[in-house]
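Chemist: Can you read through this structure? Questions will come right after.
No value in this document is a laboratory result; all are computed from the given coordinates. Model, not experiment: these values are computed from the prediction. Heads up, the Cβs are rebuilt from the backbone with ideal geometry, glycines too, and the neighbour counts pull from every protein chain shown.
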Amino acid sequence: MNPRDLELTLAAARAVGPCPPGEEATWTEQVRARAITLYTLADTVGQDLARLDAAKQFTATLLVVHVEAVSTRGRLLLRNTSGDLEHVRTDRGDTVAGRTMIERARALVGHRLRVYRINEQMASNAKNQARTVVHLTDHGPDTDPVPVNSAKDNLLAAADGDKDAARQAWIEAGLPEAGSVSASQLAAVLTRLPVAGAPQP
């Protein structure tokens, strides 16, 4: 037995606990099953850590979370420290990792985050890459004011240049024409756009 297998077996035995007298066969099966679970867990964690090692990091405020109907991936709209908007996607929402990331992101709208993202080849076209988020570190609600002009620029960019849609969303949200708005107000007005605020399954 190699050292790794021995260490894994001992860890599984400790997790299962002492063997009750007369139940050696049952106990052995429990240890075997636990060892396999630990092995596959370590393999999954190893893949996750490899993605983190390869990830680019940046700080941004999360404004909108939308789930794409076809791919089931979450699409996150972020405002980076330069005031520009960035899009990243999660893993597919029909996977545990993707669903967990989408739920976590929804709870962090309006928060300043450290974003870890990688470029992955798209399954539909290997020549194209998707910016995929692999981890979000929460730094709490973003309380810095956003100048109105900058917020309007963000809104127009999110509306793909549709000035009428952007203006209508701004008016409906009741935001001021001068001064500043909060990150949460900017997030709220963005959800009024047809694209940014599309229904989330």
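Chemist: Step through the residues of the range 67-80 one at a time and calculate ³J(HN,Hα) from phi using the Karplus curve (6.51 cos²θ - 1.76 cosθ + 1.60, θ = phi - 60°), rounding each to whole Hz and writing x for Gly and Pro.
Modeler: 9, 6, 4, 7, 7, 6, 6, x, 10, 9, 9, 10, 10, 7
Chemist: Amide H neighbours of S180 under 5 Å, at least 5 residues apart or on other chains, H built in the peptide plane: list them.
Modeler: Close amide H contacts, sequence-distant or interchain: V148.
Chemist: In whole Hz and in residue order, list the ³J(HN,Hα) couplings for the range 167-180 that follow from phi through the Karplus curve 6.51 cos²θ - 1.76 cosθ + 1.60, θ = phi - 60°; x for Gly and Pro.
Modeler: Rounded to whole hertz, the list is 5, 5, 5, 5, 5, 4, 7, x, 7, x, 8, 8, x, 8.
Chemist: To continue, here is another question. Would you list which lysines come within 21 Å of K56, measuring only between C-alpha atoms, while excluding same-chain residues fewer than 8 positions from it?
Modeler: Within the straight-line cut-off, K56 pairs with K127.
Chemist: Tell me, what is the percent relative contact order of the range 1-117, built from C-alpha pairs under 8 Å that lie six or more residues apart?
Modeler: Across the range 1-117, relative contact order equals 22 percent.
Chemist: In whole Å, how far is the Cα centre of the range 150-197 from that of the range 40-81?
Modeler: If you average the Cα positions of each part, the centres end up 25 Å apart.
Chemist: Continuing with the same structure: Before rounding to the nearest 500, sum -39500 (n - 2.57) across all DSSP H runs of length at least 4 in the chain and divide by the residue total; then give [θ] at 222 nm in deg cm²/dmol.
Modeler: After summing the helix terms and dividing by the residues of the chain, the value is -14000 deg cm²/dmol.
Chemist: Between T95 and E172, what's the calculated FRET efficiency when r is the beta-carbon distance and R0 is 35 Å? Round to 0.05.
Modeler: With R0 = 35 Å, the Cβ-Cβ based efficiency is 0.45.
Chemist: Check which residues have an amide H placed less than 5 Å from G93's amide H, if you skip close sequence neighbours.
Modeler: Residues meeting the criterion, in which the H sits 1.01 Å from N, are R73, G74.
Chemist: What is the Å³ per residue value for the convex hull set by the Cα atoms of the range 33-90?
Modeler: 118 Å³
Chemist: Here are labelled values, (1) 123; (2) 114; (3) 174, and one is the computed volume of the Cα convex hull per residue in Å³ for what I pasted. Which one?
Modeler: Recomputing volume of the Cα convex hull per residue in Å³ here picks out (3).
Chemist: What list of ³J(HN,Hα) values in whole Hz, one per residue of the range 90-102 in order, does the Karplus curve 6.51 cos²θ - 1.76 cosθ + 1.60 (θ = phi - 60°) give from phi, with Gly and Pro shown as x?
Modeler: Those phi angles translate into 8, 5, 4, x, 8, 10, 4, 4, x, 5, 5, 5, 4 Hz.
Chemist: What whole-number volume per residue, in cubic angstrom, does the convex hull of the C-alpha atoms of the range 92-201 give?
Modeler: 129 Å³
Chemist: Moving to a separate point now. Angle, helix 3-16 long axis vs. longest principal axis of the chain, Cα atoms, 0 to 90°, nearest 10?
Modeler: Roughly 90 degrees, rounded to the nearest 10.
Chemist: Same structure again: Would you mind checking which residues have amide H under 5 Å from H135's amide H? H placed 1.01 Å from N; only 5 or more apart, or other chain.
Modeler: Correct list: Y116.
Chemist: Working from Cα positions, state the angle (0 to 90°, nearest 10) between the long axis of helix 24-54 and the longest principal axis of the chain.
Modeler: Roughly 30 degrees between the two axes.
Chemist: For A54 and R14 in the same chain, what is the full-extension length gain: residue separation times 0.36 nm, less their Cα-Cα distance, in nm?
Modeler: 11.0 nm
Chemist: Could you work out how far apart the two model spin labels at Y39 and E7 are, taking each label as a point 7 Å from the Cα in the direction of the beta carbon, and quote it in nm?
Modeler: 1.6 nm
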